[in-house]
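The values are calculated or read from the model by the stated rules, or taken from the named source; none is laboratory data. These numbers come from a predicted model, not from an experiment. FYI the Cβ positions are ideal-geometry reconstructions off the backbone, even for glycines, and counts take in every protein chain you see. Ligands, DNA and RNA are excluded from the accessible area calculation, which covers all protein heavy atoms including side chains. Shrake-Rupley method; radii C 1.70, N 1.55, O 1.52, S 1.80 Å.
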Amino acid sequence: MQKTKRLLTYLFSTLMLILLLAACNSDSTSTGNNNEDGDKKAEEKIVVGFSQIGAESGWRTAETESIKETLGNDSRFELKFSDAQQKQENQIKALRSFIAQKVDIIALAPVVESGWETVLQEAKDAKIPVILLDRGIDVKDESLYTSFIGSDFILEGENAAKELIKLMGEDTKVNIVELQGTVGASAANDRMEGFANVIKENSNYNIIKSQSGDFTRAKGKEVMEAFLKSDGDNIDAVYAHNDDMALGAIQAIEEYGLKPGEDIKVVSVDGIKAIFEAVAAGKANIIVECNPLLGPQLAQAALDLQAGKEIERWIKTEETVFVGKEAAETALPSRKY
Ligand code: AHR
């Protein structure tokens, strides 16, 4: 009897011990898991893959910095950055790598308008939303991207022409040379179209030469040198699709022995500090602003998308026009890029 009692006590204590251990064990596992989940939630970042065109201009550098600063300094994001060195094939490779890495959102600043269907279809199939930054694309199926953040380039071209006509007078005969941006880029196509829309309405104004300077200072200078060589004193104004090319043209005009801003009026798009300095110095005349500080808008769009909200199809940027020395001098101290 005593033996049975001892055996029962032993069995009971063993059972209790097993139960106690199991409870402790299950407690510690669940606590661990909860913490892990909690940590994971707190750490879950929105992964944004950004395919940038390159670093061809001061504007482009300002755009890259804005995105790196905004997303890089915000713990809610993880930014994967890729510089395509001006090549569409590099951008396509970068997009495929973002898809393979299963990023949450792809941001694409497309170098040219055409040739995106296949890779964007791949992103769509992988359910990764694509946000276009600053430049547009030409696709039949508009559902291949979610939103476009950037400027109205046609309007910029129209404003450039309107301001030039205001400056020089409707009744003056004006010969214009045009420095286009990268061939096939929406920024070049649309700025050319907008400018031509207004110019063709006034028979005193003629675009006598138009060629690509690839949005760079060196190429802008080179093309302007060629224009000066062929048309020399016949040129009254130069319209550059960006500031870097305008700055190259200013140098070419000076080396040719003429005064930029006086003998040849200079109209430019972007609004980097260096062109404000040139206008303040009387070497250029009109700046059509194009805002590269797209980081905050991209961040907001990414947060909204992640929260399941609808975002606007075209998120436009605020811009203005600056004409003449005084306007440039006043604006210079507060220019951010
Ligand atoms: O797409 C915007 C244009 O690209 C800017 O005007 C130019 O400077 C840049 O390289």
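Of all residues in the stretch 193-218, those that are closer than 25 Å to Glu170 by Cα have Cβ atoms under 8 Å from Cβ atoms of residues that are assigned to a helix (DSSP H, G or I) and acidic (Asp, Glu), 6 or more apart or on another chain, in Gly194/Glu156; Gly194/Glu158; Phe195/Glu158; Asn197/Glu158; Val198/Glu158; Ile208/Asp231; Lys209/Asp231.
If you go through the stretch 168-189, how many residues are more than 16 Å from the ligand (Cβ to nearest atom) and buried (at least 23 other Cβ atoms within 10 Å of the Cβ)? Give the derivation first.
Of the stretch 168-189, the ones more than 16 Å from the ligand (Cβ to nearest atom) are 168-177.
Okay, now just the ones that are also buried (at least 23 other Cβ atoms within 10 Å of the Cβ), so 176-177.
Count: 2.
Within the stretch 146-164, the set of residues being assigned to a loop (DSSP other than H, G, I, E, B), open to solvent by 30 Å² or more (accessible area, probe 1.4 Å) and within 16 Å of the ligand (Cβ to nearest atom) comprises just one member, Asp152.
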